[in-house]
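A.B. asks: I have a structure here, written as structure tokens, and I will follow up with some questions on it.
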Amino acid sequence: MIISEFAAVDKDHIRGLRAPYLAINGDVTFNMMKEEGFLYDSSMPARELGAPIWPFTLDFGTQHECTIEPCPKQSHPGLWEIPMNLFKGSLGFTCPMVDGCPRPKNKHQALELFRENFNRNYLSNKAPFLQAFHAGWLRTPSFLEAFQLFLDEILAKGDVWIVTNYQLIQWMRTPVSLSNIAEFEPFQCNFEQRQSRCLKGTKKRCSYEVGLDTVYFNTCSAKCPKYYPWVSSPMGEKCSFKCQYAATVQEYYLKLISQRRNSSK
């Protein structure tokens, strides 16, 4: 609801999820996904550094070791898992997301990070190469330049396609050969029904004091909600659990500061 209401994304286009901090709540999460009509999850790091793991259905449970408890124990027919094959960074570090690896020192190192990990997939079993990182990582200009160069390089190969997770699953359900993939309907860029971006001048920045922090988000909505939207209050109509928790933390710290001041007198 939050993404649909405040980011103008059609609910029907929200087909998968990634759990906060990659902490899936075992079978509870996958039961919720089934009930709410989700198709896939992409929250489970795949520790193996041998051949990368292809996406799989949960018809017979997970296909690799679950590294973050609690883990799903049951089968969940119809749901897909797009595993987060670990990136290999410098100094022997591995990470499920690019920005979790040691930070590259320059554009060349960032480009080599992408190249090395892509080739692990491309030169072995050609498992899909998942691009997992927070958008903030690309705010470093040299990292963004490296990423753009990397995309240009792999697209020039002629047998590499950049697709969404949903498009990937559609191809795995009904695979076509490379000679016919240009005509594969799910890979066509037909966006007639896509909602338009914010009209010029309508984008707003909403800010909220949440506990000791100030949080922001941008929206094209007619007005900012009264409270910061969160799980128990997706429309921002009331103080959510996040808001209440933050208020409790703030009250605790203010009380602690007051006690210290009194004790120092």
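A.B. asks: Looking at the stretch 215-231, which of its residues are open to solvent by less than 60 Å² (accessible area, probe 1.4 Å) and part of a strand (DSSP E or B)? Break it down stepwise before answering.
C.D. replies: Keep residues of the stretch 215-231 that are open to solvent by less than 60 Å² (accessible area, probe 1.4 Å), which gives 215, 217, 219-221, 224-225, 228-229.
Scanning the stretch 215-231 gives Val215, Phe217, Thr219.
A.B. asks: Within the stretch 159-167, does at least one residue satisfy the condition of being touching a helix residue (DSSP H, G or I) at 6+ places or on another chain (Cβ under 8 Å), open to solvent by 60 Å² or more (accessible area, probe 1.4 Å) and charged (D, E, K, R)?
C.D. replies: No, there is no match, as no residue in the stretch 159-167 is touching a helix residue (DSSP H, G or I) at 6+ places or on another chain (Cβ under 8 Å), open to solvent by 60 Å² or more (accessible area, probe 1.4 Å) and charged (D, E, K, R).
A.B. asks: Right, something else. So, of the residues in the stretch 1-23 that are in contact with a Lys or Arg (Cβ under 9 Å, 6 or more places away or on another chain) and assigned to a loop (DSSP other than H, G, I, E, B), which turns out to be nearest to Cys198 (Cα to Cα)?
C.D. replies: Ala8
A.B. asks: Of the residues that sit in the stretch 87-101 and are in contact (Cβ under 8 Å) with a residue 12 or more places away in the chain and either more than 22 Å from Ala135 (Cβ to Cβ) or open to solvent by 20 Å² or more (accessible area, probe 1.4 Å) (or both), which one is farthest from the chain's Cα centre (by Cα)? Step through it out loud before you land on a result.
C.D. replies: Step one: filter the stretch 87-101 for residues in contact (Cβ under 8 Å) with a residue 12 or more places away in the chain, giving 87-90, 94, 96-101.
Right, trim to either more than 22 Å from Ala135 (Cβ to Cβ) or open to solvent by 20 Å² or more (accessible area, probe 1.4 Å) (or both) and you get 88, 90, 94, 96-97, 99-100.
Working: Lys88: 19, Ser90: 23, Thr94: 18, Pro96: 11, Met97: 9, Asp99: 12, Gly100: 13 Å.
Only one residue tops the list, namely Ser90.
A.B. asks: Give the stretch 138-166 a look and list any residue that's among the aliphatic types (A, V, I, L, M) and either assigned to a loop (DSSP other than H, G, I, E, B) or within 25 Å of Ser177 (Cα to Cα) (or both), or say none. Lay out the reasoning, then the answer.
C.D. replies: We begin by selecting, within the stretch 138-166, every residue among the aliphatic types (A, V, I, L, M); these are 138, 144, 146, 149, 151, 154-156, 160, 162-163.
Leu151, Ile154, Leu155, Ala156, Val160, Ile162, Val163 - these are the residues of the stretch 138-166 that are among the aliphatic types (A, V, I, L, M) and either assigned to a loop (DSSP other than H, G, I, E, B) or within 25 Å of Ser177 (Cα to Cα) (or both).
A.B. asks: How about the stretch 103-117: which of its residues are under 22 Å from Arg18 (Cα atoms) and not hydrophobic (A, V, I, L, M, F, W, C)? Give the steps one after another, and end with the answer.
C.D. replies: Pass one, the stretch 103-117, residues under 22 Å from Arg18 (Cα atoms): 114, 117.
Scanning the stretch 103-117 gives a single hit, Asn117.
A.B. asks: Could you grab the pairs with beta carbons closer than 7 Å, sequence gap of 6+ or different chains, first residue in the stretch 34-59 and in contact (Cβ under 8 Å) with a residue 60 or more places away in the chain and more than 20 Å from Met97 (Cβ to Cβ), second one part of a strand (DSSP E or B) and open to solvent by 10 Å² or more (accessible area, probe 1.4 Å)?
C.D. replies: Cβ pairs passing all conditions: Leu39/Gly16; Leu39/Trp80.
A.B. asks: Tell me, please, whether a residue that is loosely packed, with under 13 Cβ neighbours inside 10 Å, closer than 19 Å to Met1 by Cα and at pLDDT 80 or above can be found in the stretch 241-254.
C.D. replies: First, pick out the residues of the stretch 241-254 that are loosely packed, with under 13 Cβ neighbours inside 10 Å: 241, 248, 251-254.
Next, from what is left, pick out any that are closer than 19 Å to Met1 by Cα: 241.
After this cut, where a residue has to be at pLDDT 80 or above as well, the list is none.
No, the stretch 241-254 contains no residue that is loosely packed, with under 13 Cβ neighbours inside 10 Å, closer than 19 Å to Met1 by Cα and at pLDDT 80 or above.
A.B. asks: Continuing with the same structure: Give the stretch 184-214 a look and list any residue that's open to solvent by less than 90 Å² (accessible area, probe 1.4 Å), at pLDDT below 75 and under 27 Å from Thr164 (Cα atoms), or say none.
C.D. replies: Listed by number, the list holds a single entry, Cys198.
A.B. asks: Within the stretch 113-126, does at least one residue satisfy the condition of being touching a strand residue (DSSP E or B) at 6+ places or on another chain (Cβ under 9 Å), surrounded by 15 or more Cβ atoms within 10 Å (Cβ to Cβ), in contact (Cβ under 8 Å) with a residue 12 or more places away in the chain and assigned to a loop (DSSP other than H, G, I, E, B)?
C.D. replies: No, that holds for no residue.
A.B. asks: What do you reckon, is Arg139 at pLDDT below 95 and buried (at least 17 other Cβ atoms within 10 Å of the Cβ)? Steps first, please.
C.D. replies: Working: at pLDDT below 95: yes; buried (at least 17 other Cβ atoms within 10 Å of the Cβ): no.
When the stated conditions are applied, Arg139 does not pass them.
A.B. asks: So which residues in the stretch 6-36 are open to solvent by less than 60 Å² (accessible area, probe 1.4 Å) and over 15 Å from the mean Cα position of the chain (by Cα)? Steps first, please.
C.D. replies: Going residue by residue through the stretch 6-36, those that are open to solvent by less than 60 Å² (accessible area, probe 1.4 Å) are 6-10, 14, 16-17, 19, 22-24, 26-27, 29-30, 33.
Once the filter is applied, which keeps residues that are open to solvent by less than 60 Å² (accessible area, probe 1.4 Å) and over 15 Å from the mean Cα position of the chain (by Cα), the stretch 6-36 yields Phe6, Ala7, Ala8, Val9, Asp10, Gly26, Asp27, Thr29, Phe30, Met33.
A.B. asks: Among all residue pairs at least 6 apart or on different chains, which show Cβ distances below 9 Å where the first residue, located in the stretch 168-184, is of a type in the set (Ser, Thr, Tyr) and the second is not in a loop (DSSP other than H, G, I, E, B)?
C.D. replies: Every condition considered, the pairs that remain are Thr174/Pro186.
A.B. asks: Just the residues that are loosely packed, with under 14 Cβ neighbours inside 10 Å and either within 23 Å of Phe118 (Cα to Cα) or aromatic (Phe, Trp, Tyr) (or both), please, taken from the stretch 64-86.
C.D. replies: Glu65 - this is the single residue of the stretch 64-86 that is loosely packed, with under 14 Cβ neighbours inside 10 Å and either within 23 Å of Phe118 (Cα to Cα) or aromatic (Phe, Trp, Tyr) (or both).
A.B. asks: Within the stretch 37-52, which residues are open to solvent by 30 Å² or more (accessible area, probe 1.4 Å) and under 19 Å from the mean Cα position of the chain (by Cα)? Please lay out each step first, then the result.
C.D. replies: So in the stretch 37-52, the residues open to solvent by 30 Å² or more (accessible area, probe 1.4 Å) come out as 37-38, 40, 47-51.
Once the filter is applied, which keeps residues that are open to solvent by 30 Å² or more (accessible area, probe 1.4 Å) and under 19 Å from the mean Cα position of the chain (by Cα), the stretch 37-52 yields Gly37, Phe38, Tyr40, Arg47.
The values are calculated or read from the model by the stated rules, or taken from the named source; none is laboratory data. If you're wondering where the values come from, they're calculated on a predicted model, not measured in any experiment. No Cβ is skipped: glycine too gets one built from the backbone with ideal geometry, and neighbour counts run over all protein chains shown. The protein model used for the area step is the full one, side chains on, heavy atoms only, and it has no ligands, DNA or RNA in it. Shrake-Rupley method; radii C 1.70, N 1.55, O 1.52, S 1.80 Å.
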